[in-house]
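Just below is one structure, and these are the notes that go with it.
The values are calculated or read from the model by the stated rules, or taken from the named source; none is laboratory data. This structure is a prediction, so every number in the text was calculated from the model and none was measured. Here Cβ is always computed from backbone atoms with ideal geometry, including for glycine, and neighbour counts include all displayed protein chains.
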């Protein structure tokens, strides 16, 4: 027995405990052995724990319990966490001379919740969490007592208590139609094969014409209808006998991805082509993520759905933003020695319309992009965001913005046709220090729900210009609070022939004056019907300078 237990990863402890472990591995029924001399009143019973009641388990851990936990008690105190682990106060010792065996069936949902809530996992809790049937409790007890005698571990007493639900563990009868069984399978299995298979599976079949009567063993709680009988027959008869056929009402379709799937796949491919790797995170996160982002108490992101049965506290809320998981992913990479990278994730965030929930939340498709490294900056992140715009054939505008978790001078909102679709910026130095990041990190979030209106937008071919393009460079001086986007937008609005605007230099210095900066642009003018004459270009330039001077006080740098 010791050898067999060792082969399945179970250490030998003592003859009595080894028997309970052997029965668990052999039959799947957890059992527990109590030292009878430590059971006050010579009894055990199961009840809900009292609020704050404590117990020390066999692994010497102490737990404070709630009314949601089940305990096995003697006449005065808890002696085991029901379905999870025995108590230290009744364990089997070398001095033990009287033993009480216990085999039970517990509600699997209660054991699962208690095990997760207490953080206490055992072989027994895993079995009970998945469900144990009543048949094996009796069988396991008989097997354990047989082994006690077989291995000469002690003398079996005649005293026993059987507290059950009244449900019989004897075979139950079920009658089905052979025609129904064959109808599920779509083929005709010979009657003699059906009888042979069910007989070998201990169902004691009796066939009378089309009527098939079987006796279902107590351990086969999964057998409920003729569909289950069909499943048992075909798994033994062989799936290779099934002939593929169309359902009578079926239609052949071409299949393929829909417009949404095709558009999102194009975005993914474009981001991958720009050097970004796809990341996938859970759809839930931790309440601590709100504090990581330094969000105020009234921030809309804190309005999150709580999960009723979370795996743990760090995965207890449905995410309302993808940013914290992206930031921690960048930190995790840096801790593993990866000091530069580009990551994107395409997933949903869950925005409840009311709490507690009265209807399904708004699931908004979102793409989150993170870049980090000494060679990455705000503009490289902006370039990746622009990739999305180019893929959908739309234009993004950028305006200064503020986020509690982003650098105040390096944050911008993303606008498409006057509608805000997201943000981008540099992660605060304090957050980077808190997560032990070694290089700067940048993050962006774009709402794909809003952009979905542009999915499938038809691209129009613009012929190459017949005439030479004209290029002019401008070096402007302006106040520091004027953004590059504002200047670009005004230049573009000043002339319909402008096809390209590139910023190629930014300068700040004492010679420009206090709170002044210089931005240098290259502007390309593309003719349509005739070649531009010099005086026409001069007119475009004067219009640009006049509009910038009037609206923002911009001047040419001397």
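Scan region 206-220 residue by residue and report those that are surrounded by 14 or more Cβ atoms within 10 Å (Cβ to Cβ) and assigned to a loop (DSSP other than H, G, I, E, B). Scanning region 206-220 gives 217, 218, 219, 220.
Looking only at region 263-280, count how many residues are surrounded by 12 or more Cβ atoms within 10 Å (Cβ to Cβ) and without any contact (Cβ under 8 Å) to a residue 12 or more places away in the chain. Counting residues in region 263-280 that are surrounded by 12 or more Cβ atoms within 10 Å (Cβ to Cβ) and without any contact (Cβ under 8 Å) to a residue 12 or more places away in the chain gives 2. Taking residue 487 as the residue in question, decide whether it is within 30 Å of residue 427 (Cβ to Cβ), modelled with pLDDT of 90 or more, out of contact with any helix residue (DSSP H, G or I) (no Cβ under 6 Å at 6 or more places or on another chain) and surrounded by fewer than 18 Cβ atoms within 10 Å (Cβ to Cβ). Against the criterion (within 30 Å of residue 427 (Cβ to Cβ), modelled with pLDDT of 90 or more, out of contact with any helix residue (DSSP H, G or I) (no Cβ under 6 Å at 6 or more places or on another chain) and surrounded by fewer than 18 Cβ atoms within 10 Å (Cβ to Cβ)), residue 487 does not qualify.
Condition check ((1) assigned by TED's automatic domain parsing to the domain that holds residue 414; (2) assigned to a helix (DSSP H, G or I); (3) farther than 30 Å from residue 414 by Cβ; (4) touching a residue at least 24 places away in the same chain (Cβ under 8 Å)) across all residues:
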position: 460; (1), (2), (3), (4): no, no, no, no
position: 490; (1), (2), (3), (4): no, yes, no, yes
position: 523; (1), (2), (3), (4): no, no, no, yes
position: 532; (1), (2), (3), (4): no, no, yes, yes
position: 550; (1), (2), (3), (4): no, yes, no, no
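Being in the same structural domain as residue 104 (by TED's automatic domain parsing) and at pLDDT below 85 is the filter here; which residues of region 132-167 pass it? Correct list: 133, 134, 135. Evaluation of residue 402 against the conditions (1) in contact (Cβ under 8 Å) with a residue 40 or more places away in the chain; (2) touching a strand residue (DSSP E or B) at 6+ places or on another chain (Cβ under 8 Å) shows that the sole unmet condition is (1). Cβ contacts < 9 Å: first residue without any contact (Cβ under 8 Å) to a residue 24 or more places away in the chain, restricted to region 67-84; second residue surrounded by fewer than 24 Cβ atoms within 10 Å (Cβ to Cβ) and in a loop (DSSP other than H, G, I, E, B), any location; separation 6+ or different chain. Result? Matching pairs, first to second residue: 67/49; 67/50; 67/51.
Checked against the criterion of being without any contact (Cβ under 8 Å) to a residue 40 or more places away in the chain, outside the structural domain of residue 379 (by TED's automatic domain parsing), within 30 Å of residue 393 (Cβ to Cβ) and surrounded by fewer than 11 Cβ atoms within 10 Å (Cβ to Cβ), the candidates 506, 501 yield just one match: 506. If you check residue 358 against the conditions, is it within 28 Å of the chain's Cα centre (by Cα) and in a loop (DSSP other than H, G, I, E, B)? Yes, satisfied. Does region 122-129 contain at least one residue that is out of contact with any helix residue (DSSP H, G or I) (no Cβ under 9 Å at 6 or more places or on another chain) and modelled with pLDDT of 90 or more? No - not one qualifying residue is present in region 122-129.
Taking strands (runs of 3 or more DSSP E) as the structural unit, those lying wholly within region 15-85 and holding at least 2 residues that are surrounded by 20 or more Cβ atoms within 10 Å (Cβ to Cβ) and either in the same structural domain as residue 109 (by TED's automatic domain parsing) or more than 35 Å from the chain's Cα centre (by Cα) (or both) correspond to 31-35, 70-73, 78-81.
Only residues that are within 27 Å of residue 377 (Cα to Cα), in a loop (DSSP other than H, G, I, E, B) and touching a residue at least 40 places away in the same chain (Cβ under 8 Å) were counted in region 297-340, giving 4.
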